[in-house]
Amino acid sequence: MEIRNVLSSVYKNDDPIKKSSGKSPDVTKKDKIEISKQAIAMQNTGETKNLAEIQKKIDSGFYNSDEVLSKVADSILKEIGK
């Protein structure tokens, strides 16, 4: 059994797709991002202040403390009904 990279045939001349159809595959597709109306509204209302505070806590390791992890685990157990 041969395992190959999915894109390996796109860059080789022995591409079976190219041989069978006579055309090369379309590799010009690009990713696209869409921002929800709620996210735009949040940004425009100044609610990003909370996001900055959360980012500071993430950067400082606050959420990795035993106390926080224990609270999160307790909340999860309570939510799933154990």
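Here, each number is a calculation from the coordinates, and none is a lab measurement. Just so it is clear, the structure is predicted and the values come from calculations on it, not from any experiment. Here Cβ is always computed from backbone atoms with ideal geometry, including for glycine, and neighbour counts include all displayed protein chains.
Once the C-beta distance of LYS29 and LEU51 is scaled by a Förster radius of 41 Å, the resulting FRET efficiency is 0.85 to the nearest 0.05. Loop-located GluC sites (Glu not before Pro) in region 40-82 (DSSP state other than H, G, I, E, B) with a sparse environment of at most 12 neighbouring Cβ atoms within 10 Å: GLU47.
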